[in-house]
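Some notes on the structure that comes next.
The values are calculated or read from the model by the stated rules, or taken from the named source; none is laboratory data. These numbers were taken from a predicted model, which means no experiment stands behind them. Counting neighbours? That spans all protein chains shown, and the Cβs are built from the backbone with ideal geometry, glycine included. Accessible surface areas use protein heavy atoms only, side chains included; no ligands, DNA or RNA. Shrake-Rupley method; radii C 1.70, N 1.55, O 1.52, S 1.80 Å.
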Amino acid sequence: PQQRDKAVADIDEMRAMLDASLSFARDDTAEEKRTSVDLSSLLQSLCDDLADAGSKVAYDGPARLAYWSQPVAMRRAFANLIGNALKYGGEAEVTAHDDAGGVTVEIADRGPGIPAEMREQVFAPFFRLEGSRSRETGGTGLGLSVARGIVRRHGGDITLHDRDGGGLLARVTLPAVAASQAAE
């Protein structure tokens with residue numbers, strides 16, 4: 001019975017990894033139509049859902065932040081980033097603001113951070129800093145790759161930085177061009 005339970009758990013883990021790999025390969029959101037999205041509502045909704053589930057997460061930003069984007073894709077990107085902050089840092093502080101240069105969203109945690117020399121490498125598909133093969137501790141290594149692909153498809157980027165006082169800060173920058181289209 002113990003070996004059977006272990007085999008079932010291994011099969012479930014392989015199935016989850018295969019599903020994640022197929023979803024990544026298909027990029028289900030690539031053809032999604034762009035529309036005006038309230039990024040503030042999207043971020044607040046993600047944070048509220050996670051807080052309701054017991055996570056330590058907070059949003060600080062404007063009440064409304066219209067942006068021309070693929071809503072499902074953008075939700076997926078931010079869910080991945082906030083999820084990583086919670087998984088590896090125990091908390092997530094999400095901030096957003098817009099200015100003449102575009103929109104910036106930052107997700108900060110108090111985890112161990114990522115060594116500067118590995119901050120680009122972690123965006124590679126299937127790359128994981130965490131060495132075990134357990135999905136409980138490290139996932140499939142696709143979250144950051146998926147998030148960056150979505151953000152770059154919108155003309156922006158994701159960069160990783162040390163957080164003042166310790167932890168990691170993921171900065172999402174989106175161009176003003178797309179923001180101005182939302183007003184049309």
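Residue by residue through the range 155-168, note down the ones that are assigned to a strand (DSSP E or B) and open to solvent by less than 20 Å² (accessible area, probe 1.4 Å).
Filtering the range 155-168 for residues assigned to a strand (DSSP E or B) gives 157-162, 168.
Answer for the range 155-168, where residues must be assigned to a strand (DSSP E or B) and open to solvent by less than 20 Å² (accessible area, probe 1.4 Å): Ile158, Leu160.
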In the set Asp5, Asp19, Asp28, Asp12, the lone residue that is at pLDDT below 90 and in a loop (DSSP other than H, G, I, E, B) is Asp28
> Is it the case that the range 124-138 has a residue that's of a type outside the set (Ser, Thr, Tyr), at pLDDT 70 or above and under 15 Å from the mean Cα position of the chain (by Cα)?
Replying inline: yes
Flagged in the range 37-75 as part of a loop (DSSP other than H, G, I, E, B), over 22 Å from His154 (Cα atoms) and open to solvent by less than 50 Å² (accessible area, probe 1.4 Å), in numbering order, are Ser55
All-but-one check, Val151 against (1) modelled with pLDDT of 90 or more; (2) loosely packed, with under 13 Cβ neighbours inside 10 Å; (3) not small (Gly, Ala, Ser), failing number (2)
So is Gly111 modelled with pLDDT under 95 and within 22 Å of Leu42 (Cβ to Cβ) or not?
-> no
The residue that is least open to solvent (accessible area, probe 1.4 Å), considering only those in the range 88-126 that are part of a helix (DSSP H, G or I) and farther than 12 Å from Leu144 by Cβ, is Gly89
Taking first residues from the range 86-106 that are of a type in the set (S, T, N, Q) and second residues anywhere that are open to solvent by 20 Å² or more (accessible area, probe 1.4 Å) and assigned to a strand (DSSP E or B), the pairs with Cβ under 7 Å that are 6 or more apart or on different chains are Thr95/Asp60; Thr95/Glu106; Thr104/His97; Thr104/Arg171; Thr104/Thr173
